[in-house]
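Below is one structure; the comments refer to it alone.
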Amino acid sequence: MGSQLAVKVEGIVQVTSSQRSSGRRVRAVQVTIQSNPTNPAVGPDGKPVESSVSMNKTVEPHNDYFSAQFLLTFAAAGLHQVFVETALLDTFDALWNAGPKAQLSVKIFEESGSSRTTSSSSSAAARVSVSATSSRS
């Protein structure tokens, strides 16, 4: 089955007065999470085993606050880089890649018959806080 890591992404959408006056408003926040092994595992046939994971969710902010949760599954032991990105979706369905980015390092240990996950924060669950600020007018 592999190891799993729960990731919760939380943030606040900050809109400047010039964006409010332009008529564009943030309708939703798109959160993308991607996990890549630093040294991909090699299968018995000598070919690299695909163990990268990419997921995204679109969430609507409530009182400018948004939250999204992901459950990452790691098939192979080793060091993995987890990238979190946010983008804003306005009322005209235009996607603004103006959101912040975050990165986590996760080390998966393989134990006899079972696996254990630790992250850079020594926790089985990671919480990433971001502040999505729109900068387009």
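Determine if region 12-26 includes at least one residue that is buried (at least 17 other Cβ atoms within 10 Å of the Cβ) and among the polar types (S, T, N, Q). For region 12-26, residues buried (at least 17 other Cβ atoms within 10 Å of the Cβ) and among the polar types (S, T, N, Q): present.
Counting only strands (runs of 3 or more DSSP E) that sit completely within region 31-123, those holding 3 or more residues that are open to solvent by 30 Å² or more (accessible area, probe 1.4 Å) and modelled with pLDDT of 85 or more correspond to 53-59, 65-74, 78-90, 101-111.
The values are calculated or read from the model by the stated rules, or taken from the named source; none is laboratory data. These figures come from a predicted structure and were not determined experimentally. Neighbour counts are summed over all protein chains in view; Cβ atoms, including those assigned to glycine, are modelled from backbone coordinates with ideal geometry. All accessible areas refer to the heavy atoms of the entire protein, side chains included, with ligands and DNA or RNA removed. Shrake-Rupley method; radii C 1.70, N 1.55, O 1.52, S 1.80 Å.
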